Amino acid sequence: MTRVLLFLGSLCTALTLIVQPALAQWPERPLKLIVPFAAGSSSDTIARIIGAKLGERLGQQVVVENRVGGSTVIGTDAVAKAAPDGYTLGLANTTTHAASAALNANLPFDPVKDFTPVAMIGSSPFVLIAAPQVPAATLAEFVALAKARPGVLSYASAGTGTLAHLAGELFKRQAGVDVTHVPYRGTAQSVVDLMQGRIELSVSTIPPTLQQIREGKLRALATMSDKRNEMLPETPTVAEAGVPGCEVGLWTALVVPAGTPPAIVRRLNEAVLAVAAAADVQQAMKIQGVDPEPGTSEAVAERIRTDIVKWKEVVAAAKIAGTTQ
């Protein structure tokens with residue numbers, strides 16, 4: 001037994017001597033950042049902002065690769081199945097790691113077990129936006145109108161099963177209203193229909209509607225966050241507007257495949273947090289409607305776990321079927 005223990009101890013020492021130089025030399029080549037969203041999207045823009053600065057800190061280029069399809073499943077699965085060597089990172093958010101799990105029991109990956117979180121970057125709150133023709137200047141007035149006309153008013157989202165759809169259903173539940181969901185393929189057409197009065201309410205992130213809100217063509221009733229957003233400082237939060245409990249943020253983080261050496265994860269975390277704390281990066285993210293929220297890998301892991309539970313409850317209560325986009 002003693003000889004066996006000595007042998008195992010020697011083996012561990014030898015492996016340590018082999019691994020440590022490899023970690024000291026990492027990274028020796030460019031890194032790949034897989035983004036399961038289309039080029040030009042808000043998520044893609046955030047990835048490129050962070051990736052460029054991260055590459056500067058690590059001394060190696062971070063190449064953004066868009067893997068679109070399967071309602072973010074294809075790109076996210078590619079990250080899960082990549083070699084855990086620190087050269088493949090993934091952009092993760094509420095859709096890829098929480099809403100998708102709430103809507104699909106047969107994902108090809110486990111959003112908790114198959115990834116190691118690196119760092120939290122920030123969060124984009126949703127905003128409840130009313131058409132100018134709607135006789136409701138506040139969220140409380142809209143709720144009163146919806147209760148007086150159950151099933152008559154409608155709200156738009158970027159598609160069935162998207163986080164905007166789930167956010168709308170959470171609002172309905174917390175406000176106790178019956179508002180009909182109208183799914184769109186993206187946000188552009190829903191903004192047109194909202195301004196023309198074909199629908200009464202929209203659930204969206206801030207950037208696609210910010211100009212129309214500032215011009216008075218649309219009315220922001222409340223941000224679905226726990227604090228006011230710098231882009232819409234005069235708009236109350238849902239709690240301030242009288243409907244607490246429906247806070248929704250599209251958080252964004254970086255992850256790597258499970259099994260990536262802890263020393264590499266720590267170095268990545270330190271680098272990402274330094275990048276995310278830079279003033280120019282924070283300003284660039286705010287333009288995209290993102291509230292910078294640099295956070296630890298543990299914070300990301302906890303957010304994933306709690307959000308899966310949260311959105312499973314919403315999906316079950318609203319009887320939503322389908323997959324995210």
Examine segment 256-270 for a residue that is under 19 Å from Phe126 (Cα atoms), modelled with pLDDT of 95 or more, surrounded by fewer than 23 Cβ atoms within 10 Å (Cβ to Cβ) and of a type in the set (S, T, N, Q), and state whether such a residue exists. no
Considering segment 95-110, residues that are among the polar types (S, T, N, Q) and touching a strand residue (DSSP E or B) at 6+ places or on another chain (Cβ under 9 Å), and then whichever is surrounded by the most Cβ atoms within 10 Å (Cβ to Cβ), we arrive at Thr96
Filter segment 116-144 down to the residues that are surrounded by 18 or more Cβ atoms within 10 Å (Cβ to Cβ) and more than 21 Å from Val290 (Cβ to Cβ) and list them by number. Thr116, Ala130, Ala131, Val134, Ala136, Leu139, Phe142, Val143
Take segment 103-127 and flag every residue that is closer than 16 Å to Thr72 by Cα and either at pLDDT below 95 or of a type in the set (D, E, K, R) (or both). Leu103, Asn104, Ala105, Asn106, Asp110, Asp114
Of Asp77, Asp178, the only residue that is surrounded by fewer than 18 Cβ atoms within 10 Å (Cβ to Cβ), modelled with pLDDT of 95 or more and charged (D, E, K, R) is Asp178
Say whether the condition of being modelled with pLDDT of 95 or more, more than 27 Å from Ala52 (Cα to Cα), under 19 Å from the mean Cα position of the chain (by Cα) and not in a strand (DSSP E or B) is met by at least one residue in segment 219-229. yes
Hey, can you tell me all the residues within segment 103-142 that are among the aliphatic types (A, V, I, L, M) and over 27 Å from the mean Cα position of the chain (by Cα)? Val134, Ala136, Ala137, Ala140
The residue that is farthest from the chain's Cα centre (by Cα), considering only those in segment 154-175 that are surrounded by 22 or more Cβ atoms within 10 Å (Cβ to Cβ), small (Gly, Ala, Ser) and within 12 Å of Ser202 (Cα to Cα), is Ala156
Of all helices (runs of 4 or more DSSP H) completely enclosed by segment 77-178, which ones contain at least 3 residues that are over 30 Å from Pro261 (Cα atoms) and in contact (Cβ under 8 Å) with a residue 12 or more places away in the chain? 139-148, 163-175
Has segment 126-148 got at least one residue that is touching a Phe, Trp or Tyr at 6+ places or on another chain (Cβ under 7 Å) and of a type outside the set (A, V, I, L, M)? no
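The values are calculated or read from the model by the stated rules, or taken from the named source; none is laboratory data. Bear in mind the structure is a predicted one, so any value in this text is a computation, not a measurement. Every residue, glycine among them, receives a Cβ derived from its backbone with ideal geometry; neighbour counts consider all protein chains shown.
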